[in-house]
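Student: Below is one structure. I have some questions about it.
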Amino acid sequence: MTEDCIFCRIVEGEIPARVVYEDEETLAFLDANPLAPGHTLVIPKHHYGTLGETPTEPGEMVFSAVHYLTPLIEDAVDADATTVAINNGEAAGQEVPHLHVHIVPRFDGDGGGPIHAITGDSPDLSEDELDEIADRITPN
Ligand code: 5GP
Ligand code: ZN
């Protein structure tokens, strides 16, 4: 537990939350400032900052919980779809420095955008640059 982390304090029961799911490694609760009814956060119980800082097993457990919960959340609020996303690091807009997956219910005509709306101008990358990036990402 990290003392000054809000989500660690929720895990410890020191701050109340509307918990909707819990297992050994993960906790899911309603976002306190929901972007839509049913907006849920899924977190590892242990404090990890970003995906890159999260070991394999808790990372897999978080995604397993997301997979399990997403259709339940859609049903609960009669959503047409969901946006599932992580602000993975400060530059991406992460404000609470404890890994969390947002599950945001979406509704036809809700006025929200797709994930493509999150950045400014798209980069103009050549075929060579795309090849090089793909090579760098691909594990050896
Ligand atoms: P971030 O910008 O870090 O990806 O999102 C943090 C989210 O945590 C926000 O959507 C915010 O509403 C939510 N949040 C912040 N503090 C609390 C809290 O004390 N309780 C709950 N349930 N959600 C919180
Ligand atoms: Zn924490």
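Student: What is the mean projected area of the alpha carbon convex hull for the chain, to one decimal in square nanometres? Each step should come with its number before you reach the end.
Tutor: Values: hull surface 42.1 nm².
The number I arrive at for the chain is 10.5 nm².
Student: Hey, another quick one. Residue by residue, what Karplus-based ³J(HN,Hα) values in Hz, rounded to whole numbers, does segment 67-80 have, using 6.51, -1.76 and 1.60 with θ = phi - 60° and x for Gly and Pro?
Tutor: Karplus-based 3J(HN,Hα) across segment 67-80 equals 4, 5, 7, 4, x, 5, 5, 4, 5, 4, 10, 6, 7, 8 Hz.
Student: Given H placed 1.01 Å from N in the peptide plane, which residues other than close sequence neighbours of THR54 have an amide H under 5 Å from its amide H?
Tutor: Amide H neighbours of THR54: none.
Student: Something else: Can you list residues whose amide H is under 5 Å from ALA81's amide H, if they're 5+ apart or on another chain and H is modeled 1.01 Å from N?
Tutor: ARG106
Student: Can you tell me the accessible area per residue over the chain, all protein chains present, probe 1.4 angstrom, in square angstrom? Could you put the intermediate results ahead of the total?
Tutor: On the way: 9300 Å² over 140 residues.
Using a 1.4 Å probe on heavy atoms only, each residue of the chain averages 66 Å².
Student: Hey, if you put +1 on the Cβ of every Lys and Arg and -1 on every Asp and Glu Cβ in segment 10-140, which of ILE118, PHE29, ILE15 ends up farthest toward the positive end of that dipole?
Tutor: Highest projection toward the positive end goes to ILE15.
Student: Next question, about the same structure. To test your reading of the geometry: what angle, between 0 and 90 degrees and rounded to tens, separates the Cα axis of helix 127-137 from the longest principal axis of the chain?
Tutor: Helix 127-137 and the main axis of the chain meet at about 40 degrees.
Student: Could you give the distance between the Cα centres of segment 100-140 and segment 56-75, to the whole Å?
Tutor: A separation of 21 Å, based on Cα centres.
Student: Another one. Please report the carbon-and-sulfur percent of the accessible area for the chain; probe 1.4 Å, protein heavy atoms only, DNA, RNA and ligands left out. Show your work: numbers first, answer last.
Tutor: Numbers: 4680 of 9300 Å².
Of all accessible area on the chain, carbon and sulfur atoms account for 50 percent.
Student: Now, a different point. Highest mean first, how do 110-123, 63-76, 11-24, 32-45 rank when packing is the count of other Cβ atoms within 10 Å averaged over residues?
Tutor: Numbers: 110-123: 8.2, 63-76: 16.3, 11-24: 13.0, 32-45: 18.7.
Going from most to least packed, we get 32-45, 63-76, 11-24, 110-123.
Student: Show me, for segment 37-53, the HN-Hα J-couplings you get by feeding each phi into the Karplus relation (A = 6.51, B = -1.76, C = 1.60, θ = phi - 60°), rounded to Hz, glycine and proline as x.
Tutor: With coefficients 6.51, -1.76 and 1.60, one gets x, x, 4, 10, 10, 10, 10, x, 5, 7, 7, 10, x, 10, 4, x, 8 Hz.
Student: A further question follows. Compute, for the chain, the length of the dipole vector about the Cα centre, with Cβ point charges of +1 (Lys, Arg) and -1 (Asp, Glu) only. Units Debye, rounded to 20.
Tutor: Numbers: 5 positive and 28 negative charges, 120 e Å.
It works out to roughly 580 debye.
The values are calculated or read from the model by the stated rules, or taken from the named source; none is laboratory data. For clarity, every value in this text was computed on a predicted model and none was experimentally measured. Cβ atoms come from the backbone with ideal geometry, glycine included; neighbour counts cover every protein chain shown. Just so you know, the surface numbers come from the protein's heavy atoms only, side chains and all, with ligands and any DNA or RNA stripped out. Shrake-Rupley method; radii C 1.70, N 1.55, O 1.52, S 1.80 Å.
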